[in-house]
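Notes follow the structure.
The values are calculated or read from the model by the stated rules, or taken from the named source; none is laboratory data. The shown structure was predicted, so the numbers you read here are calculated from the model rather than taken from an experiment. Methodologically, a virtual Cβ is constructed for each residue, glycine included, from the backbone with ideal geometry; neighbour enumeration extends over all protein chains shown.
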Amino acid sequence: MSVDRALEGTGNWLDERLGGAKGVRVLLRKIFPDHWTFLLGEINLYSFIILLLTGTFLTLWFQPSMTDVVYHGSYVPLRGVRMSEAYASTLHISFDVRGGLLMRQIHHWAADLFMAGIFAHMIRIFFTGAYRKPREINWLIGIVLLTLGMLEGLFGYSLPDDLLSGAGLRILEGVIQSVPIVGTYLAFFLFGGPFPGHVIIPRLYIIHVLLIPGLILALITVHLFLTFYQKHTQMAGKGRTNTNVVGAPFYPYFLAKTGAFFFFTFAALAIAATFVQINPIWLYGPFNPVAMSAGSQPDFYMGMLEGALRVMPNWQTVLWGHTFAWNVFVPALVPLGLIFTLAAFWPFLEQWVTGDRGEHHMNDRPRNAPTRTAIGIATITFYGILWAEGANDLIADHLDIPLYWTTWIARVTIFVGPVIAYWLTKRICFGLQRKDYHLLEHGVETGIIRQLPGGEYIEETRPLDEDALAVLTSRTSHPALPSGERAESEVPPPGMRGGLGRVRERLYKVVTESVPAPEHIHGNGHGNGHGDGQRAETDGTGGRGEVAGATGAPTESHPGEDQH
Amino acid sequence: MSWITARRRHPAAGYVVIAFVLVIIGTAYAVITSGYASAAPQATPNSAQIAEGRSLFLANCATCHGLYAEGTSQAPSLIGVGAAAVNFQVSTGRMPAAELGAQNDRKPGRLNATETAAIAAYIQSLGGGPTVPSPAQVSSAGANVGLGQQLFVADCAACHNFVGAGGALTYGKAAPALTAATPTQIYEAMLTGPEAMPVFNDLTITPQEKRDIIAYVTQVRAQPNPGGFSLGRVGPVTEGLVAFLGMLLFLVLAALWITAKHGKAHE
Amino acid sequence: MSDTNSPGATGGGDPGRASWPEYLGGESHGAAAAAGGSGRPEDQGPPRRVIGTPSPAASRTLLAQPDGGDGEEPVEPFTPPEPQDPVRAGKAERIVVACFVIALLAGLGFLVAYSLIGVGSLTATLHSNLALGGTLSLVFLLLAVGAVIWVRYLMPTVEITEQRHLMRSAETDREAFKETFEEGAATSQFVRRPLVRRTLIAATLPLALIPIWVLRDLGPLPDKSLDNTVWRKGLRLLAYGTGRPIKAAEFNSPGALISVGPEGFLADDDAMAKAAVIIIKFRPGELVFGPSTPPGHPTPANVVIPNWTVDNIVAYSKICTHVGCPAALYEQTTHHILCPCHQSTFDAAQGAKVLFGPATRALPQLPIGVDAQGFLIATGPFNEPVGPSYWERS
C-alpha cells in the first residue's frame, strides 16, 4: 500500500534524524472533544493564514510611499488628480492587476472576519468559563491578540491613504496629541512632524507587514500549543467528567474536520469578496486634509472607540497654562481600557472571590454561572451601545431619529443599559435553571394524555436520556469559603479578614447565588410503573429515583458532585 | 320618486354629495380668483405662461408663501429666488410641500413640467434671480471629472458623502442622496442653495466647475461596482454588518453541520 | 469492552502525583466515570474506548517498554477501519467524489478565467472579479462540503475517552527540579557573589534603554509648530481645488460657503492640514458682533470680530477643535457648522461657538480684508492655535 511506502520513505528519513515516533504518535492519538463552538477559534486561525497569503500578494504591487503623483491610470474619474503613490498603487492593484481586486477584497474581508471571530470566540470562552485555571495564560494571550488585531487592522486599512482612512489617521493624531505631557511628542515622533507628514504610511507599512504579524504568529503558536498541551475543555455530557476528555482522535478526525472548516472559511471569504464590495477606495478618493465626508466610520472593530469619542461631553480643563483635554483622551483610553483591564483580571478576580483554585476542564453552562453571565452581558451592552453610537449619523439618517437624540440616548444608556442588562440576565439565568430542574424533577413531557381510573388526567413524562441528564446535572460547585458560621468574637480565617475580606464574602454570596437543584431526579412517570427508570426503583405505583449528590449549591459538608 | 331620491340610501350617496359640493366650491373659487391674473394686455406666450404660473401659484403655493410670494411665518419669500429655485423645488417634488416637517424631501412631483415652468416664469417675473440652466450648461461633455471630485469632496461630501449617498444633519434634517437628481437639478441646487444647503453662485464656482462637479456625481453614481454589491456606498458600517450577519453566521452554520451528531434526535 | 488502565483517578498511575480535588471529579468518582455510565445496552452509539494518556515521563524515555508505555494495548483497533453504515457510505462517497471533481473543474476554470479575462476598466474588473472569485468560491465551497460529508459519513464514528492528568507536576519531579535549579544556581556563583551579579545587571541596563533612545530622531520636537499656521497678513484666500482668488463683491450670495486656503500653500498638505479655512456670507444683521480688535490679539468668546470680516463675509478655521477633521458641513438656515466626524456643532453667527458635541473650543476666526483689486486676503494670522487641543496649549 502506498501508505506503507510513504512511511518507509519520508517517515523513515525524518525519524532517523529527528526521532519522535513515540511523541508524534501521542499527538496523533490525542483526543479532541467536539462542539460547534470549539470551531470559533479556528475562524481566526484560518482567517489569519488567509491574511498572510493575500497580504503577501498585495505587497508585490503596493508602494508604501506618500510621494505625490498625478494619476493617469485606468480609473477615469480620478485622472489628473494629485494623490500619493500608495493610493495610486492601490488603484493599480484594483484595476490593472488581474485578481488584484479579488485579493484586496479577500484580504479586507479576512481582517473583518478575524476580528468578528475573535469577538465570538472570546465571548464563548468567557461564558463557558474556559478561561479558568489552567487556561489563564491563553486567556491573556487572547486579549493581547485582540489588541494586536485591532491595531493591525487599523494600520492596514490606512495604508492605501484614501480619504476615509486618512480621516481616521487625523483622528488618531488628534487623540495622541491630546495626551497630557507627552502627547505632542508622541504625535510628532509617530508622524515625523506635523500631520500628515511624509513618513506615516511607510512606517505603518512595516509595522503592518512585519512587526505585528510576527507577534501575532508567535502568540498564535503559543496559544495553539497550550490548547494541545492542556487539552481542550469539553461540554457537559454523558461520560464526560472534569478528569477526562471524550471525543475523537486528532488523526484523522480532527485533522479532517479542521481541514473542512479551513475550506469553509476560505469559501466564506471568497464568496464575500466576489459578491460584496468592501473598501472601495476609488469611491472615497485620495486623502487630502481639506476634505471630509458625511458618514465617516472606521472598520467595525474600531467602532466602539469612535462612539466613545462622539458620546463624550465637551469637557476640558486649562490649568497653569496647560490643557487637560478630557473630551478626547478619556473616551480614547477609559472605556476600552476598563473593559480590557476587567477582562485581563477576570480569571484571577473570580478565583479570589470564589476561592476556587482547582483546574477546570468542563465548560460551564452560562445559566449555571449567573453572575458571570450577567456581568458579561452587561459589558457587551456597554460595548454595544458605544459601538452603535459610532454609527450614530447613519442611524439618524436612515432611521429618522434626530441626530442629537442619538447622542443623548447613548449618554444615558451606557450607564443605565448595563445595569438593566445585568439584572435581566441574572433573572433569565435563574429562570433557565428552574426550567432545567423542572425537567430533572418531572421528566420530559411526552404529549400523551392518560386518564387515571379516578378520572384525573395526567400527562405522561419520560425520564431524560443519559446525555441530557449529564448536561442538566452539570454544575460548577464552588468550594466553600473558609468562613462558615462563626461568632463575632472569633478571628476570621486568613483571606477573609478586614474590609477586603468582608467584600470578598459579600461577592462570594452574590457569585454563588443559584436556584437550588432538586433533590430528586425523576425516575419515571407520575403514578405509573412504565418506563425504564434511570437509577430509580420501578414498581407498580411508580417510585422516585434518587441520584446522590446532585446538588449544585455550595455546602460545607460535601462540595463534591457526581458527574454521572 | 326621482332617480336620486331612490338612491338616497346608497352607501356611496354621502360621498357623492360631498364630492359634488367640493367640485362646485372649487370651481367657483377658481373662477372668482382667476380675476387676479395679471392684466397685461399683450397675449405673448411669455405673459400667458406667467399668468398660468400665477394661477398655479395661488392654487398650490400661496397658502404658505403668501398671496404675492412675499412669505409668511411658515415659508420664506420667493421674491428674487429665481426660476432655478422654483424648478429645483417643484421638479424634485419637494414643493408643494405635503406637510411642514424638519425639511422637505424628494417625492413624486405633483406638477408636471409645463406647470413647473409656468410657476418658475411667474416667480422669475416677480424679482428676478437665477434662471434655469440650459441642457448645454449642465452637460458633462468635456468636463474635468478630476477637478469635480476635488471640489465635491472639499465642499459637498461633508453633507452628501463621498459619492452623494446622503448624510445626517441636525434636528431631523438630512442631506439627500444624489442618486435621483438630474444634472439640471444638481446645478440648480448648487446655484440656489435650497433649504439648509449653502449657496454656490456662479462666481464662486463657475458654470464650468459646476459642470465638472455634475460630471463627477453623475459618472460615479452610474458606474458599476466591480467588487460586488455596494451596500449603499456608505462605508464600513454596512461592511461590518455583513461580516457578522453574513460570514460569521455562515461559518457558525458550517460548524454546526461539521459537529452534528447523526442519528440522534435533538432534545 | 471498556477498559481502564488505571485503578485510580489519576491517569497514568504516577506515584507522587497530586490527585484531583473531590469537587472537581476527584478520587471517588474517577473510575466510575471512566467506566462510561450505566452501560445500558439501548444506547447504540459508537464503540467507546477508554485509554489513559502516557505520563510525560514515560513518553520521554528512550527505552520503550514492551507495550509502548501507554498501558494495555486494546485488542481492537484504536479507530475502526470501516464506517458503521457501508451503504450510506457508498452513497456519500459518490457525492464526495462529485464535489471534488467539480472543484477540480472550478479550479481549472479559475486558471482559464485569469488568462482570458483582462482588467483595465471598471466593467472589465467587475467581470474578472466575478469570474475569478466565483470559481475560487466554488473550489473552496465544494472542497468544504466534500470534506464534511467525508468525515461524517465515510469515516466511522468513534467516541474515545482519554484520562487527563493534573497539569501540576508530580511532587518528586518538582523536588528534583528544585534541586537541579538550586544546584545550578550555586555552581554558577550567581547567588554567592553579589558584586558580580549586580554589576552584570547594571551593565545591561543601558542596553535596555538603547532601543528607546535611538528612536529620538523619529521626528522633530513639536516646539511652536502646533501654535501657528502659515497664514500671514496679505496672503490671498484661494478657493480649494480651483486655486482661484475670491473677490468679496462676487462672494455675495447670502448663505454661501466655500473652502479656501492660503495662496502658495494649496498643494502643501502639511500646511493645509492646519490652514484650511471656510468663508461664509451672511445677510446684514445676522452676525453677532463683538468689539473691533487688531488681528492676532485675544478676543472675547461667542462673537464675530467685525473688523475681521468683509461685508458680512466671515472666515473660520476649517479644522475642528475636537480631533482635527475638516468641518465643512454648513446649514445655511440655522448657520450651524457641523463636523461630520463626531458631530461637534458650531454657530457661525456667534464666533463659531460650540453648541453641541465633544469639541471644547470655538473655531478660530481668521481676520480677513480685501486688497487693492478687491480680492479677499488675510489681514493677520489666527490669534490662537487651530485644531485639536494639546497639553502645551494654554
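If you go through the range B:207-252 and pick out every residue that is within 19 Å of residue A:274 (Cβ to Cβ), more than 7 Å from every other protein chain (Cβ to nearest Cβ) and of a type in the set (Gly, Ala, Ser), you end up with 1.
Looking only at the range C:143-186, which residues are more than 30 Å from residue A:267 (Cα to Cα) and within 14 Å of another protein chain (Cβ to nearest Cβ)? Correct list: C:160, C:161, C:162, C:163, C:164, C:165, C:166, C:167, C:168, C:169.
Which of the residues that make up the range B:182-238 are among the aromatic types (Phe, Trp, Tyr) and not in a loop (DSSP other than H, G, I, E, B)? Across the range B:182-238, the qualifying residues are B:187, B:216, B:229.
The residues in the range B:186-242 that are basic (Lys, Arg), touching a helix residue (DSSP H, G or I) at 6+ places or on another chain (Cβ under 8 Å) and under 19 Å from residue B:151 (Cα atoms) can be counted, and the count is 2. Restricting the range A:203-231 to residues that are touching a Phe, Trp or Tyr at 6+ places or on another chain (Cβ under 9 Å) and modelled with pLDDT under 95, the residue that is nearest to residue A:466 (Cα to Cα) is A:231.
Every test in (1) assigned to a strand (DSSP E or B); (2) surrounded by fewer than 18 Cβ atoms within 10 Å (Cβ to Cβ) is passed by residue C:178 save one, and that test is (1).
Selection of the range C:236-276 for residues being more than 8 Å from every other protein chain (Cβ to nearest Cβ), buried (at least 23 other Cβ atoms within 10 Å of the Cβ) and not aliphatic (A, V, I, L, M) yields only C:262. Residues in the range B:165-183 that are more than 14 Å from residue B:197 (Cβ to Cβ) and hydroxyl-bearing (Ser, Thr, Tyr): B:171, B:179, B:182.
Take the residues in the range B:157-168 that are in contact with a strand residue (DSSP E or B) (Cβ under 6 Å, 6 or more places away or on another chain) and part of a loop (DSSP other than H, G, I, E, B), then tell me which one is farthest from the other protein chains (Cβ to nearest Cβ).
B:166
How about the range C:104-137: which of its residues are buried (at least 22 other Cβ atoms within 10 Å of the Cβ) and either farther than 22 Å from residue A:94 by Cα or more than 8 Å from chain A (Cβ to nearest Cβ) (or both)? Across the range C:104-137, the qualifying residue is only C:135. Residues in the range C:265-298 that are under 20 Å from residue B:151 (Cβ atoms), without any contact (Cβ under 8 Å) to a residue 40 or more places away in the chain and outside any strand (DSSP E or B): C:265, C:266, C:267, C:268, C:269, C:272.
Any idea how many residues of the range C:215-235 are aliphatic (A, V, I, L, M), over 28 Å from the mean Cα position of the chain (by Cα) and facing another protein chain (nearest Cβ under 7 Å)?
Result for the range C:215-235: 2.
Annotation: of all residues in the range B:253-267 being surrounded by 12 or more Cβ atoms within 10 Å (Cβ to Cβ) and more than 7 Å from every other protein chain (Cβ to nearest Cβ), the one that is modelled with the lowest pLDDT is B:261. Kindly evaluate residue B:154 against the criterion of being at the interface with another protein chain (Cβ under 7 Å from one of its Cβ atoms), modelled with pLDDT under 95 and surrounded by 20 or more Cβ atoms within 10 Å (Cβ to Cβ). So residue B:154 fits the description; yes.
Within the range A:287-305, being closer than 30 Å to residue C:279 by Cβ and in contact (Cβ under 8 Å) with a residue 24 or more places away in the chain holds for A:287, A:288, A:289, A:291, A:292, A:293, A:294, A:295, A:296, A:297. For residue B:175, indicate whether it is within 21 Å of residue B:205 (Cα to Cα), touching a Cys at 6+ places or on another chain (Cβ under 6 Å) and crowded, with 20+ Cβ neighbours inside 10 Å. Judged against the criteria, residue B:175 is a match.
So which residues in the range A:378-399 are aliphatic (A, V, I, L, M), more than 8 Å from every other protein chain (Cβ to nearest Cβ) and touching a residue at least 24 places away in the same chain (Cβ under 8 Å)? Matches in the range A:378-399: A:378, A:380, A:385, A:386, A:388. Residue C:279 falls short on exactly one of the conditions (1) away from chain A (no Cβ under 14 Å); (2) closer than 15 Å to residue C:231 by Cβ; (3) at pLDDT 95 or above, and that condition is (1).
Taking the criterion of being outside any loop (DSSP other than H, G, I, E, B) and either small (Gly, Ala, Ser) or within 8 Å of chain A (Cβ to nearest Cβ) (or both), the residues of the range B:107-138 that qualify are B:113, B:117, B:118, B:120, B:121, B:125, B:127, B:136. Take the conditions (1) touching a residue at least 24 places away in the same chain (Cβ under 8 Å); (2) at the interface with another protein chain (Cβ under 7 Å from one of its Cβ atoms); (3) among the charged types (D, E, K, R); residue A:79 misses just one of them, which is (1).
Among the residues here, residue C:153 qualifies as at pLDDT below 95, assigned to a helix (DSSP H, G or I), in contact with a helix residue (DSSP H, G or I) (Cβ under 8 Å, 6 or more places away or on another chain) and not aliphatic (A, V, I, L, M). Residue B:241 passes every criterion in (1) without any contact (Cβ under 8 Å) to a residue 40 or more places away in the chain; (2) in a helix (DSSP H, G or I); (3) within 29 Å of the chain's Cα centre (by Cα) apart from (3).
Residue-level check: of (1) in contact with a Lys or Arg (Cβ under 7 Å, 6 or more places away or on another chain); (2) over 15 Å from residue B:209 (Cβ atoms), residue B:130 misses just (1). Identify all residues within the range B:139-151 that are free of Cβ contacts under 8 Å to residues at least 24 places away in the same chain and either of a type in the set (A, V, I, L, M) or more than 7 Å from every other protein chain (Cβ to nearest Cβ) (or both); write none if there are none. Residues satisfying the conditions are B:141, B:142.
Restricting attention to the range C:217-235, the residues that are more than 15 Å from residue A:183 (Cα to Cα) and loosely packed, with under 10 Cβ neighbours inside 10 Å total 1. A Cβ distance below 6 Å, combined with a sequence gap of six or more or placement on separate chains, defines the contacts here; from the range A:96-113, residues that are facing chain B (nearest Cβ under 8 Å) and charged (D, E, K, R) reach no residue that is surrounded by fewer than 24 Cβ atoms within 10 Å (Cβ to Cβ) and in a helix (DSSP H, G or I). Figure legend. Inter-residue proximity from the range A:420-448: first residues away from chain B (no Cβ under 14 Å), second residues of a type outside the set (Asp, Glu) and surrounded by fewer than 16 Cβ atoms within 10 Å (Cβ to Cβ), beta-carbon distance below 7 Å, spacing 6+ or different chains. Indicated pairs: A:441/A:520.
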